[in-house]
1. Can you give the net charge of the other residues whose Cβ lies under 9 Å from the Cβ of Trp52, counting K and R as +1 and D and E as -1?
2. Which value, in debye to the nearest 20, gives the size of the charge dipole of region 39-249 about its Cα centre, when Lys and Arg are +1 and Asp and Glu are -1 at the Cβ?
3. Can you give the helix-only mean residue ellipticity at 222 nm for the chain, where every DSSP H stretch with n ≥ 4 adds -39500 (n - 2.57) and the sum goes over all residues, rounded to the nearest 500 deg cm²/dmol?
4. Which cross-chain or sequence-distant (5 or more) residues have an amide H under 5 Å from the amide H of Ala84, H modelled 1.01 Å from N in plane?
5. Please give the direction-averaged projected area of the C-alpha convex hull for region 1-137, in square nanometres with one decimal.
6. Above 22 Å lies some portion of the pair distances; for region 39-249, what is it as a whole percent of all C-alpha pairs?
7. Subtract the Cα-Cα distance of Ile325 and Ala94 from 0.36 nm times their separation in residues, and report this length gain in nm to one decimal.
8. Measure out, as a whole number of angstrom, how far apart the alpha-carbon centroids of region 293-352 and region 360-383 sit.
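Nothing in this text is a laboratory measurement; each read-out follows from the coordinates by a stated rule. Since we're looking at a predicted model, the values are computed, not measured. Cβ atoms come from the backbone with ideal geometry, glycine included; neighbour counts cover every protein chain shown.
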Amino acid sequence: MNLSLDFDVSQIPTPCFVLDEKLLINNLEKLNYVQKEAGVNILCALKGFAMWSTFPLVKKYLSGATASSLHEAMLCYEEMQSSAHLCCPLYTDADYDKILEISNHITFNSLSQYERYHAKALEKGLKIAIRINPEYSDSPAALYNPCIPGSRLGATREKFGEKLPEGVTGLHFHSLCESNSYALENTLNAIISKFDDLLKQIEWFNMGGGHHITRKDYDIEHLIKVLKDFKAKYPNIKDIYLEPGEAVGWQTGYLVSKIYDIIENQDIYILMVDTSISAHMPDCIEMPYKPIILGATDYIKGTKKYRIGGMTCLAGDFVGDYSFIEEPQIGDYIVFNDMIHYTMVKTTTFNGINLPHIGIVKEDRSFQLIKSFGYQDYKSRLS
Ligand SMILES: Cc1ncc(COP(=O)(O)O)c(C=O)c1O
C-alpha cells in the first residue's frame, strides 16, 4: 500500500506512536514566533502533549509547561526541569504540599478552593490566580465546553466582589477548543464586558488552551494583533500566558499498526489490526471522530466498504467506514494520522492489550524506538 511517507515504515515495530521530529519543530517554531511577535508566553499543556522524551526540544522554543495534576507537575519538574504553572479543577490535602514545592503559578478553580489553600501558596511565594468562567464559548461539543449551564469550571463574575481576593495577582480562563483567533477575540470581548474592573487589578493573565495556532488555516497575524491590542488596553498586565496542548502535537505523527486478519460480514470488510480504537485511540469513540488513515478516504459509494477493527472484545472497538486506494492485504500497515496529541496520554491497557511502542522519526528520517511496554505496565495498574 502506498502510504506517501518519506521514511521507511518497515523498520517500525507495531503498534507504535511515531512522532515526526521535523513536524514537531515546525509547530514549535510557529508557536515561538507568536511568543516573540506578540510578547506573550506559551506553555505546553501536558494534558494534551506529554511525550517527555521531546521536552528538551520543546523547552528550546516554549516557556515551560502547564499541569493540571500533581503528576503532570512532577513530569514538568523532572523532565522539563522547570517549575510548573498549575491549574487543577481540585486541589486536595494529599497532593497540595508537593504541588507547592514544584510549581511557580497556581490557579484556583473556585473561590472556596482559594479560601482553603491560598495562604500556604502565598507563604511559599507562588503567584496566585482564580479561574474565571466567561459564560461564553464557541466549543463545538458540550464535552469540551466549560461554559455550559451548571459548569464546575471557573468562577462566574457574580462570585467576585469589586476587589480581587487578597494575594490574587492573576486571572485564568479556558473556554476555547480547537478555536481560531476570531473566537479568541470574541471571547476576550465577552470577558472584557464582564470582568473589565478585575482585569485592571491583575499583573498576569492566562488565556488557557484551545488555540489551534499550528493549524494550516490559523490566522497567526490576526492572533498577534488581538494579543497586542489586549496588552495595550491593559498595561497593568505584565505577563500573558497561552497554554495550548493540542497545537503543540497537532499533525506531528502517527499510530502505525498492521493488518492481521480481514473479516467479511454483509459486504463490509473489517481490517483487524494490532491496535485498538477503544484502548489506544479512545477519543475516536469519546469525542467521537473518525481518524484519517493514510491511503484511505471516507467511504465512496460503489467501492469496497472497509472498517478498522481493534483487538479488544468490545463490540464498538472499530472505526469506519473507509474506501482504500489499493486493496489492503494481511501484513499491510494501517497508519492513523495525527495521533500524537491527547491520543498518547489517553491510552489504557483495557482488555490486557499492550500499550503501543513510542518512537521518533528524526530529522534525518532515521527511526528511533524510545519506549516499549509490556505485561508489567498492565499488572502494575491492578492488584
Ligand atoms: C485549563 C486548560 N488549559 C489548557 C488546555 C489545553 O487545551 P488544548 O489542548 O485544546 O489546547 C486545557 C484542555 O482541556 C485546559 O483545560
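1. On the way: positive: none; negative: Glu78, Glu79.
Once all neighbours under 9 Å are counted, the net charge is -2.
2. Working: 22 positive and 26 negative charges, 53 e Å.
In debye, rounded to 20, region 39-249 gives about 260.
3. Details: 12 runs with 112 residues, N = 383.
Taking each H run of at least 4 residues, the total per residue is -8500 deg cm²/dmol.
4. Amide H to amide H, under 5 Å and 5 or more residues apart or across chains, Ala84 pairs with Ser103, Asn104.
5. Values: hull surface 47.4 nm².
The directionally averaged projection comes out at 11.8 nm².
6. Values: 10315 of 22155 pairs.
Roughly 47 percent, rounded to a whole number.
7. Details: separation 231, 0.36 × 231 = 83.16 nm, distance 5.41 nm.
Here the segment from Ile325 to Ala94 would lengthen by 77.8 nm.
8. With region 293-352 and region 360-383 each reduced to a Cα centre, they are spaced 21 Å.
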